[in-house]
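Have a look at the structure below before the remarks.
The values are calculated or read from the model by the stated rules, or taken from the named source; none is laboratory data. What you see is a predicted model; the values in this text were computed from it and never measured. Here Cβ is always computed from backbone atoms with ideal geometry, including for glycine, and neighbour counts include all displayed protein chains. Side chains included, ligands, DNA and RNA excluded: accessible areas come from the protein's heavy atoms. Shrake-Rupley method; radii C 1.70, N 1.55, O 1.52, S 1.80 Å.
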Amino acid sequence: MATAETRPREQLTAARNHALHLLHEMVRIRRLEEKSYELYSKGKIHGFMHLYDGEEAVAVGVMQALTPEDAVVATYREHGQALARGVAPGVILAEMYGKQEGCARGRGGSMHLFDKTTRFYGGNAIVGGHLPLAVGMALADKLRGLDRITCCFFGDGAVAEGEFHESLNLAALWQVPVLFICENNRYCMGTALHLHQSEPDIAKKAAAYRIVARAVDGMDVLAVEQAAQEAASRIRAGDGPQFLECRAYRFRAHSMFDAELYRNKQEVQEWRNQDPIVRFVDSLQQQGLISEEDLAEIEVQVRDEIDEAVVFAEAGTWEPVEDLERFVYAEMIPPEQSYPLPEAAPLSTETREITYREAMREAMRAAIGRDERVFLMGADVGGYGGCFAVSKGMLAEFGAQRIIGTPLSESSYTGAGIGAALNGMLPIVEIMTCNFSLLALDQIVNNAGTLLHMSGGLFNVPIVIRMATGGGKRLAAQHSHTFDGWYAHVPGIKVLAPATVEDARGMLETALADPNPVLIFENSLLYNMKAELPVNAGPVSIDKAAVRRTGCDVTIVGYGMALVKALEAAEKLAGEGIDCEVVDLRTLRPLDDATIMASVAKTHRVLIVDEDWRSGSIAAEISARIMEQAFYELDQPVARLCGAEVPMPYAPQLEDASIPQVESIVAAVRGMVGHE
């Protein structure tokens, strides 16, 4: 072994300085976690808190391979990664306190640390839920030709999640610059690795996806650093994703609520004997690289820094309750980050006949042509042309970097779209049907709808997710449901339901210009609907309902295919002397209450038509709002005509009976005005 006497002075100085840096960083993490434990025990920190003691070598070793331009996506045990990445201990502790001086303004807490300056994209508390984000962030860099790496930390428990396998498959298919770091600490919460994995060699699993994968001693900071440097070099050389399984051990419980009934003290002590800090110190002392004075100085420096961090957190302030609803939707996005809508111009008198399907395609073509950040992604959107042929011909026109076909892995490719949006792109994600979107529900609700708020406004998600919805095509229960109202229940996302060819052409570009996640539900029965549109038809507003037919006797509220049926029913009723006003919701979240209430005040009767199931539907929400805001304008109770509460049947007569039809709308209105 080389000693201090046998090395050139310059080499010795560099080795000593680097060793002191590594040691200093590991000690910082250890002392922060010890202080966090103390503060939690005093009631200063609340909720779940997952400490990193024992795994310091992983975070510190990996960070040596990253540049400031690289990005980090972490799991909920992320205090160590945040600190090693350069997030200040004061804002970390303030966040754990819940103070607005915290790195996420107290909105995220211990499990959700975020920092824009260091490109730390947060801890994610959904096990495995952040892996697709990392793939998408790396895809965004690859599409733009940027020399950057996205580093994704996760634990061995994530390996059991489908998103782990889907994400590794996508990363390998697309050869994106992502560095996967599995921190294998032997336990998924309280379940030992051999009890939750039939194949406990995690690197071997990654290698099955043709990713270069390596297992490394996660208790040895130099081994981790070397492996990470080599992996990062391969990524930067264009060799695609890399995978490190860092085999370590957490000294403390899974979280502060964990009684540790699943392991004994002897096992923990055996691993404490391999403490990464103690091992590193012993090695450095044997090489003559550090002294007891060095160790004492590090401890003093770290103690002072952590003490200052506590003072900062204690002095922090609570965000006013009046600001509760901030950061649900994005505020003040710089214009250069937004999709550039074309300048408004008078509509041409020259028109052309176009279908709903063609209008959607035209909108996507215009957007992709106008902004290089826009791309379309989804299963079979390429050569197949999309399940409903909406993207037909676009692969040939724009190429595979703008029209990106994916495997049938809705969760991972939707999450990848969210990650790409976090990293500066403007993705359009297509999911074949809203039934299939349930496979991506975690990504849509827990990531797209939550990240802005959870990060205290740091990271918005400008993504558009399109999907077909609705029954009537004899496709039975797993292709035909209407879950639009479910998504309209979720704050943080916007929900659109274009029911006209004009809106099919105009809503998508406006949605792209919105800095928030927007879902567009396209009723599949509308794709062949035709209309005359001006040749220069373009973007339309997405924040207002529209009165599609004026009337004075009854208001009919609907959206999607229900709106088309409502208009047909209104014409039939007009022949009987019943004058109906028809309101097209257009946007399900946020609802345009003003237009609805104005119509109710005019007609004093309202029927809400909704193809969704009656219980818990958007129709129920609208009915409640009318009761709250326009009760005294009503001549009779609000009426609802909704889908039958059965899974969608296949048999034609049963499917037709399960969805509101023109005849049932006519009958409902007749009953309301006394015409049986």
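State whether the residues of region 357-369 include one that is within 22 Å of THR469 (Cα to Cα), surrounded by fewer than 24 Cβ atoms within 10 Å (Cβ to Cβ) and in contact (Cβ under 8 Å) with a residue 40 or more places away in the chain.
yes
Please determine, by comparing only the residues of region 509-553 that are among the hydroxyl-bearing types (Ser, Thr, Tyr) and in contact (Cβ under 8 Å) with a residue 60 or more places away in the chain, which one is farthest from GLU362 (Cα to Cα).
Here the answer is SER524.
What residue, of GLU34, GLU56, GLU10, is open to solvent by 50 Å² or more (accessible area, probe 1.4 Å) and modelled with pLDDT of 95 or more? Spell out the reasoning first.
Values: GLU56 fails: open to solvent by 50 Å² or more (accessible area, probe 1.4 Å); GLU10 fails: modelled with pLDDT of 95 or more.
When all the criteria are applied, what remains is GLU34.
Mind checking which residues of region 423-448 are buried (at least 23 other Cβ atoms within 10 Å of the Cβ) and within 9 Å of the chain's Cα centre (by Cα)?
The answer is GLN443, ILE444, ASN447, ALA448.
Within region 316-334, can you find the residues that are at pLDDT below 95 and either surrounded by 14 or more Cβ atoms within 10 Å (Cβ to Cβ) or closer than 25 Å to PHE398 by Cβ (or both)?
The one that is at pLDDT below 95 and either surrounded by 14 or more Cβ atoms within 10 Å (Cβ to Cβ) or closer than 25 Å to PHE398 by Cβ (or both): ILE333.
Name the pairs: first residue in region 103-128 and closer than 17 Å to GLY419 by Cα, second residue in a strand (DSSP E or B) and open to solvent by 10 Å² or more (accessible area, probe 1.4 Å), Cβ to Cβ under 7 Å, at least 6 apart or on different chains?
PHE114/TYR121; GLY123/THR75; ASN124/THR75
Select from region 392-422 the residues that are among the hydrophobic types (A, V, I, L, M, F, W, C) and within 23 Å of GLY123 (Cβ to Cβ) and write down the one among them that is most open to solvent (accessible area, probe 1.4 Å). Break it down stepwise before answering.
Our first condition is that a residue be among the hydrophobic types (A, V, I, L, M, F, W, C); within region 392-422, this holds for 394-396, 398, 400, 403-404, 408, 416, 418, 420-422.
Restricting the remaining residues to those that are within 23 Å of GLY123 (Cβ to Cβ) gives 416, 418, 420-422.
Values: ALA416: 0, ILE418: 0, ALA420: 0, ALA421: 6, LEU422: 23 Å².
The residue in question is LEU422.
Would you point out which residue out of GLY492, GLY485 is more than 19 Å from GLY378 (Cα to Cα) and in a helix (DSSP H, G or I)?
GLY485
Within region 255-296, restricting attention to residues that are in a loop (DSSP other than H, G, I, E, B) and of a type in the set (Phe, Trp, Tyr), which residue is farthest from CYS188 (Cα to Cα)? Lay out the reasoning, then the answer.
The first filter runs over region 255-296 and keeps only residues in a loop (DSSP other than H, G, I, E, B), leaving 255-264, 273-275, 287-291.
Cutting the leftovers down to of a type in the set (Phe, Trp, Tyr) gives us 257, 262.
Working: PHE257: 15, TYR262: 11 Å.
Result: PHE257.
Taking VAL127 as meeting all but one of (1) of a type outside the set (Phe, Trp, Tyr); (2) open to solvent by less than 10 Å² (accessible area, probe 1.4 Å); (3) not in a helix (DSSP H, G or I), write down the number of the exception.
Condition not satisfied by VAL127: (2).
Taking region 342-355 only, how many residues are assigned to a loop (DSSP other than H, G, I, E, B) and either modelled with pLDDT of 95 or more or open to solvent by 100 Å² or more (accessible area, probe 1.4 Å) (or both)?
Of the residues in region 342-355, the ones assigned to a loop (DSSP other than H, G, I, E, B) are 342-350.
Filter again for either modelled with pLDDT of 95 or more or open to solvent by 100 Å² or more (accessible area, probe 1.4 Å) (or both), leaving 343-344, 346-347, 349-350.
Number satisfying all stated conditions: 6.
What residue, among those in region 71-110 that are out of contact with any helix residue (DSSP H, G or I) (no Cβ under 9 Å at 6 or more places or on another chain) and within 19 Å of ILE181 (Cα to Cα), is surrounded by the fewest Cβ atoms within 10 Å (Cβ to Cβ)?
Among residues in region 71-110 that are out of contact with any helix residue (DSSP H, G or I) (no Cβ under 9 Å at 6 or more places or on another chain) and within 19 Å of ILE181 (Cα to Cα), the one surrounded by the fewest Cβ atoms within 10 Å (Cβ to Cβ) is TYR76.
I need every pair where a residue in region 614-625 that is under 10 Å from VAL638 (Cβ atoms) has its Cβ under 8 Å from the Cβ of a residue that is surrounded by fewer than 18 Cβ atoms within 10 Å (Cβ to Cβ) and among the acidic types (Asp, Glu), sequence separation at least 6 or different chains.
ARG625/ASP593
Just give me the residues in region 342-381 being among the aliphatic types (A, V, I, L, M) and under 21 Å from GLY417 (Cα atoms), in sequence order.
MET360, ALA363, MET364, ALA366, ALA367, ILE368, VAL374, LEU376, MET377, ALA379, VAL381
So which residues in region 453-482 are over 24 Å from SER338 (Cα atoms), open to solvent by less than 10 Å² (accessible area, probe 1.4 Å) and part of a loop (DSSP other than H, G, I, E, B), if there are any at all?
Scanning region 453-482 gives GLY470, GLY471, SER480.
Residue by residue through region 175-195, note down the ones that are in contact (Cβ under 8 Å) with a residue 40 or more places away in the chain and either among the β-branched types (Val, Ile, Thr) or not in a strand (DSSP E or B) (or both).
Once the filter is applied, which keeps residues that are in contact (Cβ under 8 Å) with a residue 40 or more places away in the chain and either among the β-branched types (Val, Ile, Thr) or not in a strand (DSSP E or B) (or both), region 175-195 yields GLN175, VAL176, PRO177, VAL178, ILE181, ASN185, ARG186, MET189, GLY190, THR191.
Could you list, in sequence order, the residues of region 520-554 that are small (Gly, Ala, Ser) and open to solvent by less than 50 Å² (accessible area, probe 1.4 Å)?
SER524, ALA531, ALA537, GLY538, ALA545, ALA546, GLY551
Mind listing whichever residues of region 593-611 are open to solvent by 10 Å² or more (accessible area, probe 1.4 Å) and in contact (Cβ under 8 Å) with a residue 60 or more places away in the chain?
First pass over region 593-611, keeping only residues open to solvent by 10 Å² or more (accessible area, probe 1.4 Å): 593-595, 597-598, 601-602, 604-605, 611.
Answer for region 593-611, where residues must be open to solvent by 10 Å² or more (accessible area, probe 1.4 Å) and in contact (Cβ under 8 Å) with a residue 60 or more places away in the chain: ARG605, GLU611.
Hey, can you tell me all the residues within region 222-249 that are aliphatic (A, V, I, L, M) and open to solvent by less than 70 Å² (accessible area, probe 1.4 Å)? Even if it seems obvious, please write down each step before you answer.
The first filter runs over region 222-249 and keeps only residues aliphatic (A, V, I, L, M), leaving 222-224, 227-228, 231-232, 235, 237, 244, 248.
Once the filter is applied, which keeps residues that are aliphatic (A, V, I, L, M) and open to solvent by less than 70 Å² (accessible area, probe 1.4 Å), region 222-249 yields ALA223, VAL224, ALA227, ALA228, ALA231, ALA232, ILE235, LEU244, ALA248.
Just for region 81-130: of the residues that are among the basic types (Lys, Arg) and within 19 Å of the chain's Cα centre (by Cα), which one is nearest to LEU451 (Cα to Cα)?
ARG107
Is it the case, given these coordinates, that ARG252 is at pLDDT 95 or above, at negative phi and not in a helix (DSSP H, G or I)?
no
So ILE149 clears everything in (1) open to solvent by 10 Å² or more (accessible area, probe 1.4 Å); (2) within 18 Å of MET425 (Cα to Cα) except one condition, right? Which one?
Checking ILE149 against (1) open to solvent by 10 Å² or more (accessible area, probe 1.4 Å); (2) within 18 Å of MET425 (Cα to Cα), the one that fails is (1).
Report, by residue number, each residue of region 152-172 that is under 19 Å from ARG247 (Cα atoms), open to solvent by 20 Å² or more (accessible area, probe 1.4 Å) and in a helix (DSSP H, G or I).
ALA160
Would you pick out the residues in region 51-95 that are β-branched (Val, Ile, Thr) and more than 16 Å from GLY122 (Cβ to Cβ)?
VAL58, VAL60, VAL62, THR67
Take the residues in region 555-592 that are in a loop (DSSP other than H, G, I, E, B) and either hydrophobic (A, V, I, L, M, F, W, C) or open to solvent by less than 20 Å² (accessible area, probe 1.4 Å) (or both); name whichever of them is nearest to VAL490 (Cα to Cα).
The first filter runs over region 555-592 and keeps only residues in a loop (DSSP other than H, G, I, E, B), leaving 559-560, 575-579, 585-586, 590-592.
If we keep only those that are either hydrophobic (A, V, I, L, M, F, W, C) or open to solvent by less than 20 Å² (accessible area, probe 1.4 Å) (or both) too, we end up with 559-560, 578, 585-586, 591-592.
Numbers: TYR559: 18, GLY560: 19, ILE578: 37, LEU585: 17, ARG586: 17, LEU591: 12, ASP592: 16 Å.
Of everything passing the filter in region 555-592, LEU591 is nearest to VAL490 (Cα to Cα).
Within region 164-182, can one find any residue that is under 15 Å from ALA206 (Cα atoms), at pLDDT below 95 and of a type outside the set (Asp, Glu)?
Looking through region 164-182, none of the residues is under 15 Å from ALA206 (Cα atoms), at pLDDT below 95 and of a type outside the set (Asp, Glu).
Can you name every residue in region 625-662 that is modelled with pLDDT of 95 or more, assigned to a helix (DSSP H, G or I) and surrounded by 13 or more Cβ atoms within 10 Å (Cβ to Cβ)?
Those that are modelled with pLDDT of 95 or more, assigned to a helix (DSSP H, G or I) and surrounded by 13 or more Cβ atoms within 10 Å (Cβ to Cβ): ARG625, ILE626, GLN629, ALA630, GLU633, VAL662.
If PRO649 meets every condition in (1) in contact with a Ser or Thr (Cβ under 8 Å, 6 or more places away or on another chain); (2) closer than 20 Å to LEU563 by Cα; (3) of a type outside the set (D, E, K, R) apart from one, which number is that one?
That leaves (2) as the condition not met.
Here are some residues: LEU93, LEU131. Which one is under 18 Å from CYS246 (Cα atoms), among the aliphatic types (A, V, I, L, M) and touching a residue at least 40 places away in the same chain (Cβ under 8 Å)? Give the derivation first.
Working: LEU93 fails: under 18 Å from CYS246 (Cα atoms).
Matching residue, one of LEU93, LEU131: LEU131.
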